[in-house]
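The structure under discussion appears below in the form of structure tokens.
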Amino acid sequence: MKRREFISSVGRTVGLSVGAGFLGLGPTVRLSVSPTLLIPMDDAQSDHLKAYGVAYRVIQAGLKAEWLLNYRGGSFFVPDGPAIRREAALAGVALEPVDDARLTAIRGEIAGANADAVPLEKAPKVAVYVPPNAAPWDDAVTMSLQYAGIPFTKIWDPEVVGGGLKDYDWLHLHHEDFTGQYSKFYLIYSGSPWLAEMVHDNQTAARQLGFESVPDLKKSVARHIRDYVENGGFLFAMCTATETLDLALAAERVDIAASYADGTPPDPQADAKLDWSRALAFTGGHVEPDPTVASFSDIDGHQVNAPGRRQPLGAFKLFNFSAKIDPVPSMLVQNHRQVIPDFYGLTTSFIRDRLKPGDTVLADEEGAPWVKYIHGDHGKGTWTFFGGHDPEDPQHQIGDPPTDLSLHPHSPGYRLILNNVLFPAAKKRELKT
Amino acid sequence: MRPRLRPRVRSALFALALGGAAPLAAQAIGQGFELERQGRLTDAANVYLTTLRSDPANLAALLGLERVFPSLGRLAELLPLVRRAEGTDTVNLLLRALELRVYAGLDQSDSVRAAAERWIARAPGDESPWREWAVALEDQRLFDEARAVLQRGRRALGKPTALAFELADLAQRSGDWESAATEWGTLVAMNSAQAPNAIAQLSDAPEDQHEKMIRVLTGAGAAAATRRLGAELLLGWGDATRAWAVFAPTVTQSQDAVLALRRFADRAATVPGPEAKRVRGLALSRYADLVPGALAAQARAAAARALLDAGDRAGARGALERLAADPSAPADAQALAKATLVEILIGEGQFDSAAATLAAAGDRLNGEDRESLRYELVRARLARGELERAEQVLAADSSVDALALKGWVALYRGDLKRAAELFRDAGPYAGEHHGATERAAMLALLQQIGEEQDKDLGAALLLLARGDSAAAVAALRRAGNALPANNGRADVLLLAGQVAMALGEVRDTTASEIFAGIVAAGSGGAAPPAAELGWARLLLRRGKAQDAVAHLEHLILTYPGSAVVPEARRELERAKGAIPRS
């Protein structure tokens, strides 16, 4: 599953090994032809986010589904059965029964258009990197997974350093600061109980795992994550995790952390000593040296907490890829909206000039010097970075109430997150050349 | 936080403040500004340099160069020009400030110090050199050094409030809110006009700093103005009762105290909750004691309103009585007092007195207020079961509000057909939105019932209107069970179940029985899914999430077209713990 190999066989008429329990049938049977329910993902869908959960549980039950790239907003074919219908009804997910004639027509339409049907075979095992005491709704991915009903495991530094990543297909990072500077809130929010807890937990973890400082620990965690991707893992990161992961990797041999974090001042020549060849996505960034400014580098385009540098929010546009030639980026941008209002995060966007040449831009703001959503390969695996904190809370502030996704069942921003969860389930195929 | 003026902004302001420059020079400077605005910084610099060749001490040109040179990487060129200007104009302190800023911009801290010391020596009683010196250090993030300069300046100037703004700002920026409060407290004690600035600055303090700051501001020996500052902060932080306890003893006849009292009362109006409303009422009452004539009457009327909103009827009544005894009170204050008094009397159940007061008010109340109070009185009589009296008041009234109220009278008498007609005639515009919703719900219930008359149901609904919910549940069950199965039985029983559920855990068993009966009977219509939703909510309330989930799933799957399905899905999410606590 951890190999990024796609498009060898189209598998459009693959026989379906059907899990009896889920279909509500008797003993396991083989359906001869096709799935017969369509989960539409255009405006006909009544709950886009839960639709991903239904599709996930279909493949989790051992059944096969198909993801119809660029067809009606990235719809799904799933096998028909009372259990699936029940699941969808409870979740409020719209289904459309598809008879053989319509099935043929849809396949014909897909064949003749910039669209494709990608088989989904195995439910990925999902790990979310998050401190043990974080609330489930503390970040966008755990919220969307919880809302869609997709199971996940929380892991943190001990599991990562202990080699636990190999047990998972998909790893998510959110607003962790891999430079080990507590999101640079240490001075700004000095005295806040939540900050004290964050500092205590990180320092305890560093001590217990044998590291001299939190920045040292986080560098090690970053290396493990890069190795995980190199060995075929799927990585998805949002908000600060994107920028700081690469900063931690590039700064493997140089101190960029403020003295409050590791007891020593940062190297004044840090910029010159950063080794970007170790990083996944970015190159040539300049570290923000001021410990009182909650910004890490000039990789972020919006600089939400940097006085005088903060940029206003616009809207970002998803790119349209060739579903048959570029299935991976196609999967990642499936949506019923092409233009999505932007949202802040401690890292909101990525300056174009800081991207490595091999990066694939999935979404950008037209005319702006930054992009929003990027993807790339590293070794046998892939990484995807999405700027911003919460797609439905554009101005998110510390202490704001959590987003209630049942009030945003059609959120196009959250759909992008769930595209990432599902795309490791796609059947491996050899890349066409 | 008080915005700090950055050097470029400050110099722009200084430049704008310059007047009386020679017309040609002014024209050239204007051209320079325009070039700056267009982003042509090199051209702007050339204009300023040209001006300085003929007028070496032209401050606007020097400040223009201070703005554009840093972006061009040429700030060092400004230093000799400033020195030359100082030689020409030895008294202009703005040039001293500019010199200091240029040194700071060039990161020459020793020269900053030397320039500041020279300036201090020339102007020993002036705060400016100390301030500029500290700002230069702050710009380099040398906060401890900046604080030391300010403290040294305060000692040298011999004034306890000297440089207090800067020290407070610096303390606040470094998270030392206690020191910031101390500085502001001292400043406000010397000049109470600074109180609004102090509040604006200090109100953003993190919650864990509040108590320390209040101790500083309200401790023994704190001046009255300082204690008032503490009280206003407490009010803004939501502790209205304590705020008033701190504030009230500081109120005197002085103008400062009266102004502060008014500000306190106005600020209380922006704080949510009944306590803040009560405190506003108390502050306005006290304010009314201290100001003359019409102002006092208006304040007393507003105080009564605030006290009434806070539920303090006795306090409101006291304020109104004093207002009524004031012959100089203007007509609008009297009208407000009368209206409020009628509301109080209705709230106290003194309907006859309320009616008499309303009648006596006559033209002093405008028509809309008078009608509104009259309908409120009718509603109150209905809620007490005085159907005859209510009907008498409405007899000759054909307004839509009156039709709506007559509909309730008919309903409580068991005349279901007439009630439905009147509700329909009243339409959706009578009264407030809540009333319209209640009528729509009742109309929906009546449409399910085929009977034209049902005195038992009317009596049961009257019990409900009078607030006797427990008796209403039993009466509604009896009335519902007496109806044919397909003629609204389930709907009336559903209402009984919902009332029982609203009574809390003591009636949970009754509510469960009623809901279970409706679900088991499974008639068509909207009642069974609504009953199952109520049942699930009861189970959730009792911590039986698994059972609730089973009912919610059954509801969603059995009645997919029901209007309550979206609510059921949300409850399902809640039961599964997927909706965040907020």
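The values are calculated or read from the model by the stated rules, or taken from the named source; none is laboratory data. The model shown is predicted, which means the values in this text are computed figures rather than measured ones. Using ideal geometry, Cβ is built from the backbone for each residue, glycine included, and neighbour counts are taken over all protein chains shown. In case anyone asks, the SASA skips ligands and DNA or RNA and just uses the protein heavy atoms, side chains included. Shrake-Rupley method; radii C 1.70, N 1.55, O 1.52, S 1.80 Å.
What is the diffusion coefficient of the stretch A:325-412 in µm²/s, taking the Kirkwood radius over Cα pairs and the Stokes-Einstein relation at 37 °C with a viscosity of 0.692 mPa s?
226
Quick one, can you get me the convex hull of the C-alpha atoms of the stretch A:51-173 expressed as volume per residue in Å³?
Value for the stretch A:51-173: 123 Å³ per residue.
How much net charge surrounds B:Lys417 when only other residues with a Cβ under 14 Å from its Cβ are counted (Lys, Arg +1; Asp, Glu -1)?
Spelling it out: positives minus negatives among the neighbours equals -1.
Report the one residue of B:Gly504, B:Gln447, B:Gln253 whose Cα lies farthest in the direction of the positive end of the charge dipole of chain B (charges on C-beta: Lys and Arg +1, Asp and Glu -1; origin at the Cα centre).
Selected residue: B:Gln253.
With springs connecting C-alpha atoms under 10 Å apart, model chain A as a Gaussian network and identify which of A:Ala323, A:Ala270, A:Ala123 has the largest mean-square fluctuation.
Per the Cα network of chain A with a 10 Å cutoff, A:Ala270 tops the list.
Which whole-percent values make up P(r) of chain A when all C-alpha to C-alpha distances are grouped in 20 Å steps starting at zero?
27, 56, 17, 1
Using a Gaussian network model on chain A with a 10 Å cutoff between Cα atoms, which of A:Ala115, A:Ala89, A:Ala248 fluctuates the most?
A:Ala89
Please go through the stretch A:326-418 and write out the GluC sites (Glu not before Pro) that DSSP classes as loop and that have at most 13 other C-beta atoms within 10 Å.
The qualifying sites are A:Glu366.
As a test, work out the antiparallel percent of DSSP beta bridges whose residues both lie in the protein assembly as shown, rounded to the nearest 5.
70
Averaging sequence separations of C-alpha pairs under 8 Å and six or more residues apart, then dividing by the length of chain B, give the relative contact order as a whole percent. Intermediate values should be presented prior to the final figure.
Working: 740 pairs, mean separation 24.9, N = 582.
Result for chain B is 4 percent.
Taking DSSP loops as anything outside H, G, I, E and B, show the longest stretch in chain B free of GluC sites (Glu not before Pro) there with at most 13 other beta carbons within 10 Å.
B:1-347
Report, in debye and to the nearest 20, how large the dipole of the stretch A:171-259 comes out about its Cα centre when Lys and Arg carry +1 and Asp and Glu carry -1 on their Cβ.
60
Can you sort B:Thr241, B:Thr270 by solvent-accessible area, 1.4 Å probe, largest first? Before the final figure, lay out the partial values.
Values: B:Thr241 65, B:Thr270 105 Å².
Order by accessible area, largest first: B:Thr270, B:Thr241.
Check each of the trypsin sites (Lys or Arg not before Pro) in the stretch B:461-558 and keep only those in coil by DSSP with at most 16 other C-beta atoms within 10 angstrom; list them in order.
Numbers: sites: B:Arg466, B:Arg477, B:Arg478, B:Arg489, B:Arg507, B:Arg537, B:Arg541, B:Arg542, B:Lys544; in loops: B:Arg466, B:Arg542, B:Lys544.
Listed in order of number, the matching sites are B:Arg466, B:Arg542, B:Lys544.
Mind putting together the pair-distance distribution for the protein assembly as shown? All Cα pairs, 10 Å bins, whole percent per bin, short to long.
Taking all Cα pairs of the protein assembly as shown, the binned fractions are 2, 9, 13, 15, 16, 17, 14, 10, 4, 1, 0 percent.
For the stretch A:335-382, which trypsin sites (Lys or Arg not before Pro) are both in a DSSP coil and crowded by at most 10 other Cβ atoms within 10 Å?
none
What angle, in degrees between 0 and 90 and rounded to the nearest 10, separates the Cα long axis of helix B:23-37 from the longest principal axis of the Cα atoms of chain B?
With both axes taken from Cα atoms, the answer is about 50 degrees.
Would you work out the Kirkwood radius for the stretch B:343-419? I mean one over the mean of 1/r across all pairs of different Cα atoms, in Å.
Here the Kirkwood hydrodynamic radius works out to 12.9 Å.
Take the residue pairs A:Lys184/A:Lys219; B:Lys212/B:Lys277; A:Lys184/B:Lys212; A:Lys50/B:Lys576; A:Lys219/A:Lys372; A:Lys166/A:Lys219 and return only those whose Cα atoms are more than 20 Å apart.
B:Lys212/B:Lys277; A:Lys184/B:Lys212; A:Lys219/A:Lys372
So for chain A, taking the charge dipole from beta-carbon charges (+1 Lys/Arg, -1 Asp/Glu), which of A:Ala425, A:Gly112, A:Pro132 sits furthest toward the positive end?
Of the candidates, A:Gly112 comes out farthest on the positive side.
Size of the stretch B:343-492 along its principal axes in angstrom, Cα-based, largest extent first?
In descending order, the Cα extents are 55, 29, 23 Å.
Helix A:239-250: angle to the longest alpha-carbon principal axis of chain A, degrees 0 to 90, nearest 10?
So the helix axis and the longest Cα principal axis differ by about 60 degrees.
Heavy-atom accessible area of A:Ser213 with all protein chains present, probe 1.4 Å, nearest 10 Å²?
In the full protein context, A:Ser213 sits at about 20 Å².
Thinking of chain B as a set of Cα atoms, what percent of all their pairs are more than 35 Å apart? It would help to have the intermediate numbers written out before the result.
On the way: 108022 of 169071 pairs.
Pairs farther apart than 35 Å: 64 percent.
Once neighbouring chains are kept in place and the probe is 1.4 Å, which whole percent of the accessible area of chain A is contributed by carbon and sulfur?
On the way: 8270 of 15650 Å².
Ligands and nucleic acids excluded, carbon and sulfur give 53 percent.
Quick one: helix A:193-208 against the long Cα principal axis of chain A, what's the angle to the nearest 10°, folded into 0 to 90?
The helix A:193-208 is inclined about 90 degrees to chain A.
With a cut-off of 8 Å between alpha carbons and a minimum separation of six or more residues, what is the relative contact order of chain A in percent?
20
Given the protein chains as shown and a 1.4 Å probe, how many square angstrom of B:Val506 are accessible, to the nearest 10?
Looks like 120 Å² after rounding.
Carbon and sulfur together cover what percent of the accessible area of the stretch B:413-562 at a 1.4 Å probe radius? Let's see the in-between values first.
On the way: 3670 of 7220 Å².
That fraction is 51 percent.
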